[in-house]
Ligand code: GDP
């Protein structure tokens, strides 16, 4: 013996990790026989253990692929179900129960299934063998079983008794061999009986002479011959075997003889398959190598290296991002947020003030309490607008948006889970810093709520930005106006605007008249209030809900009372256009003033509020950004790459790394091919060694 069976079983298990073509199938011993012929008893006798489910009700419904592994040094024998991952099973009653469960999993309507159960038994008492147990042939089916059961069983057995397998045809000696289903099936696929062993069970039930006849008379000749067994121990069994041996010393009887014959036969079959097998592995390996070269240019890759690359790419992109996400960028984001606030504040406090023109015209306006008060109001509206929270939130939002971009492309499109984890890591760090940052920023801008001093240089910068702001707002209003003009038409728009202004003037007159009536003749009406309202109704931004607009409410609801075509919706548009046109007038006058000499120095702050607010906003921005950096960003930039390493890299088990890499289909294919190559390579090495040894043995035999 060369231990060939054992070594090839090893190779087979190695090759199991990869899908292999038919040529790589190893021979097994396939056990067939009629129901109750003693098939299970023979198998158990070979193994030396009771482990098969017994009973009359079709207990074997699936093929059982049984691998016996001779393990001389093992103290306790054990079984394994590789498909189930139960680990070592030392209790053979448990093995039996598991087999019962696996067999009863086949639906009653089907009765048999061709999906095999794999079982391995490791023991010092078993030979190295691979056996397949199959459902027993039946003559008739009972009424609960499918009609075609007989054919189904036959078809299943037919599939297994093909080359290169050895057929173990089990026949009861007390039944006429002419009626043996097993022999009939084997003769169909192996007419010369070159790979069939006949097993005659229950030899104790017939006369020794008849037994000798059956075993040697070659009524149905088999090249490998017949073995007679008694699947019972005890004196009766020994007596009948002894009687046969005495009559014909050449007759093969007993389980030990059967075992030896099986081992030798399988070993020979394995030996004759060895070259075919080695060639097949060579070919598969050559094919795998070729593919690896063509598809991947032999570039080696492992799950680990892939993960490392992915994590590096995050860190690189992150580094690039931290460079791009520098202070100037953050500052400009915070500043533009505050700029919006300035527009809102100026809109409410200044640009709709009826006395706005005074700022540019009246020299005394600088010290007028009206304007001094307004400046304090505007400035505190800006500083108290929750700059800490809004600016921090702004930076955080922008940060998270960038982080999402960071993991949006390759290779993370393949790893949605990891992508989520990366964002979660970022989010955790940010969340842990958010509140302290907000508080810090609020604390440090507190002084600006009371007093802001602007230097000449700061003032000059602020002036430039105020000019920009006014120009931008003029452009916005111009755009809005032009858009409305384009939809309504210039003439219609102008007509509607005059109509609305007419309504407003009439309204002002009626107000003045009723005021005059209230006061009576005692006080003469002031000239100004008699002709125009203090603040134009059209000057305020029209509310979303146009039905609440005070100007539009002056329009008669009755359509007949309006010029024709003046619908609610077109009047609402005209009203918006009127607002923008008035707004532009105010803004142009402010722009002119801000650019003028009068606004050139910080002491003009009361009359140049836009510049002053720009100056305040710059200080707020500078301070906020500085503390957002200190409290949040520096910390984040430092911590994030470390957390990525820690939690998404070092923390992973080998299996998790493999799963990660395989999420990427392209990488999975490459890894699978590389693994296939490795497996085939290992198998090839072992097979080549075996082939060499076989040749050596053959050479020595020739020399003898
Ligand atoms: P299977 O249905 O082909 O698996 O057959 P079993 O192994 O379950 O055996 C069927 C019956 O025959 C059982 O009652 C066994 O005890 C009995 N039997 C099996 N082998 C022998 C034997 O060598 N001698 C005797 N006398 N009975 C046997």
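Restricting attention to region 11-30, does a residue exist that is part of a loop (DSSP other than H, G, I, E, B), within 14 Å of the ligand (Cβ to nearest atom), closer than 26 Å to residue 181 by Cβ and in contact with a strand residue (DSSP E or B) (Cβ under 8 Å, 6 or more places away or on another chain)?
no
Any idea which of (1) under 27 Å from the mean Cα position of the chain (by Cα); (2) modelled with pLDDT of 90 or more is the one residue 349 doesn't satisfy?
(1)
Return yes when residue 292 is at pLDDT 90 or above, under 30 Å from residue 394 (Cβ atoms), surrounded by 15 or more Cβ atoms within 10 Å (Cβ to Cβ) and more than 16 Å from the ligand (Cβ to nearest atom) and no when it is not.
Judged against the criteria, residue 292 is not a match.
Please pick out the residue among 576, 561 that is out of contact with any helix residue (DSSP H, G or I) (no Cβ under 9 Å at 6 or more places or on another chain) and either within 23 Å of residue 487 (Cβ to Cβ) or surrounded by fewer than 14 Cβ atoms within 10 Å (Cβ to Cβ) (or both). Don't jump to the end; show me each part of the working.
Working: 576 fails: out of contact with any helix residue (DSSP H, G or I) (no Cβ under 9 Å at 6 or more places or on another chain).
The conditions single out 561.
Scan region 424-447 and give yes if some residue there is in a helix (DSSP H, G or I), within 30 Å of residue 667 (Cα to Cα) and out of contact with any helix residue (DSSP H, G or I) (no Cβ under 8 Å at 6 or more places or on another chain), otherwise no.
yes
What's the total number of residues in region 359-379 that are modelled with pLDDT of 90 or more and either surrounded by 14 or more Cβ atoms within 10 Å (Cβ to Cβ) or under 28 Å from residue 628 (Cβ atoms) (or both)?
Residues meeting the conditions: 9.
Which condition does residue 39 not pass, out of (1) under 25 Å from residue 202 (Cβ atoms); (2) within 16 Å of the ligand (Cβ to nearest atom); (3) touching a helix residue (DSSP H, G or I) at 6+ places or on another chain (Cβ under 8 Å); (4) at pLDDT 90 or above, if it passes all the others?
(3)
Looking only at residues that are outside any loop (DSSP other than H, G, I, E, B) and in contact (Cβ under 8 Å) with a residue 60 or more places away in the chain in region 406-423, which one is farthest from the chain's Cα centre (by Cα)? Don't jump to the end; show me each part of the working.
Initial filter on region 406-423 (outside any loop (DSSP other than H, G, I, E, B)): 406, 412-414, 416-423.
Narrowing the set further to residues that are in contact (Cβ under 8 Å) with a residue 60 or more places away in the chain leaves 406, 412, 414, 417-418, 421-422.
Details: 406: 17, 412: 10, 414: 7, 417: 4, 418: 7, 421: 11, 422: 13 Å.
The selected residue is 406.
Among helices (runs of 4 or more DSSP H) lying entirely in region 481-599, which contain 1 or more residues that are modelled with pLDDT of 90 or more?
Details: elements: 490-519, 527-531, 568-595.
Correct list: 490-519, 568-595.
Need the failing condition index for residue 174 against (1) within 16 Å of the ligand (Cβ to nearest atom); (2) touching a strand residue (DSSP E or B) at 6+ places or on another chain (Cβ under 7 Å), just the number.
Single failed check for residue 174: (2).
Consider region 177-211. How many of its residues are away from the ligand (no atom under 15 Å from the Cβ) and surrounded by fewer than 23 Cβ atoms within 10 Å (Cβ to Cβ)?
12
Looking at region 54-81, which of the residues that are at negative phi, surrounded by fewer than 19 Cβ atoms within 10 Å (Cβ to Cβ) and within 13 Å of the ligand (Cβ to nearest atom) is farthest from the chain's Cα centre (by Cα)?
Across region 54-81, the extreme among qualifying residues is 56.
Are any of the residues in region 233-255 outside any strand (DSSP E or B), more than 16 Å from the ligand (Cβ to nearest atom), at pLDDT 90 or above and touching a helix residue (DSSP H, G or I) at 6+ places or on another chain (Cβ under 8 Å)?
No, region 233-255 contains no residue that is outside any strand (DSSP E or B), more than 16 Å from the ligand (Cβ to nearest atom), at pLDDT 90 or above and touching a helix residue (DSSP H, G or I) at 6+ places or on another chain (Cβ under 8 Å).
Does residue 214 satisfy the criteria of being within 16 Å of the ligand (Cβ to nearest atom), more than 18 Å from residue 36 (Cα to Cα) and either in contact with a helix residue (DSSP H, G or I) (Cβ under 8 Å, 6 or more places away or on another chain) or assigned to a loop (DSSP other than H, G, I, E, B) (or both)?
Considered against the rule, which asks whether it is within 16 Å of the ligand (Cβ to nearest atom), more than 18 Å from residue 36 (Cα to Cα) and either in contact with a helix residue (DSSP H, G or I) (Cβ under 8 Å, 6 or more places away or on another chain) or assigned to a loop (DSSP other than H, G, I, E, B) (or both), residue 214 comes out as yes.
The values are calculated or read from the model by the stated rules, or taken from the named source; none is laboratory data. Predicted model, so just to flag it, every value in this text is computed and none were measured. Positions of Cβ are generated from backbone atoms using ideal geometry, with glycine treated the same way; all protein chains shown enter the neighbour counts.
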